[in-house]
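Enquirer: I'd like to ask you about the structure that follows.
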Amino acid sequence: MSKVFNIKNSLYAELGTKLGRERRKLLIDEMSSLTNQKVHCFNCSGTCCTFSANSMQITPIEAFEIILSLEITDDNLFEIKNNLKKNIQDYRLDHEIFLGKKINSVLRKTYTCPFFAPGSKGCTIKKDLKPYGCLGFNPKIENDNGSLCHSNTQLLETRENAHRMDEIAANNFLKNNLQLDWIKLEIPKAVLALIDKIY
Ligand code: SF4
Ligand code: SF4
């Protein structure tokens, strides 16, 4: 049995982590409701996924679910890893800029997501397995194309509260099992970190 299958089984069957779609249902339903009101991303160039606005950071369970979406095989593993490494280098995500002792944090950098395909396709990650923050970021009006788009923080918080214990357990499982020393990372760094441990 492959390592990814073992982890998937431990997370969802043994630990009882709810599946991606169930944990994201609130956000997916809201997105569908907006689409029914013609408030959608279909005509946008994808501003929020590119370096002009994207600084998304994700948890280990979100990174693991992106890996599930990628359907990694022996044939595509090398290409996926190379794309992630190139993306990290292109946006200098491997160079942290410390903002000083007072605030004790590092500069949050912007980058174009490695899973963004310019043109009509846009995000290539399955909706049920997308980072929560991506699903919670939507336009406000028809044909907005980035100007008024915003994060629905209230809905994101409601979702997080509903699944908090479930996701703390899942993240702890991945941290311990894969010996991860981070809580959140930029998408390419988080996904590559897990791929390096799993494959
Ligand atoms: S995962 Fe998808 S929606 Fe999120 S930043 Fe990447 S391309 Fe955009
Ligand atoms: S959320 Fe806004 S910026 Fe992002 S793809 Fe949709 S319309 Fe464009």
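Enquirer: Give the aspartates and glutamates whose C-alpha is closer than 17 Å to that of Lys189, dropping any in the same chain fewer than 8 places away, or say none.
Expert: Glu62, Glu65, Glu79, Asp90, Asp94, Glu96, Asp181
Enquirer: Considering only Cα-Cα distances, which of the following residue pairs are longer than 18 Å: Lys3/Lys130; Lys85/Lys109; Lys25/Lys127?
Expert: Cα-Cα > 18 Å for Lys3/Lys130; rest within.
Enquirer: Same structure, new question: Suppose we take every Cα in the chain and form the convex hull; what volume per residue is that in Å³?
Expert: Dividing the Cα hull volume of the chain by its residues yields 136 Å³.
Enquirer: Looking only at Leu178, Leu148, Leu15, which one moves most when the chain is put into a Gaussian network model with springs between Cα atoms under 10 Å?
Expert: Leu148
Enquirer: Along the Cα-to-C-beta direction of Asp29, a point sits 7 Å from the Cα; which residues of segment 116-155 have their amide N less than 14 Å from that point?
Expert: 155
Enquirer: Under a Cβ-Cβ cut-off of 15 Å, what is the net charge of the residues other than Asp74 that fall near it, where Lys and Arg count +1 and Asp and Glu count -1?
Expert: Taking every other residue near Asp74 into account, the sum is -1.
Enquirer: Moving on to the next point. Assuming a ≥ b ≥ c are the square roots of the Cα gyration tensor eigenvalues, decide whether segment 3-47 counts as rounded (a/c under 1.5), prolate (otherwise, with a/b larger than b/c) or oblate.
Expert: It is oblate, given that a/c is not under 1.5 and a/b is not larger than b/c.
Enquirer: Could you list the trypsin sites (Lys or Arg not before Pro) in segment 54-118 that lie in coil according to DSSP, counting only those with at most 14 other Cβ atoms within 10 Å of their Cβ?
Expert: Listed in order of number, the matching sites are Arg92, Lys101, Lys102, Arg108.
Values quoted throughout were computed directly from the atomic coordinates according to the rules given, and no laboratory measurement underlies them. It should be emphasised that the depicted structure is a prediction, and the values quoted were computed from it without experimental measurement. Every residue, glycine as well, gets a Cβ built from its backbone with ideal geometry; the counts of neighbours run over all protein chains shown.
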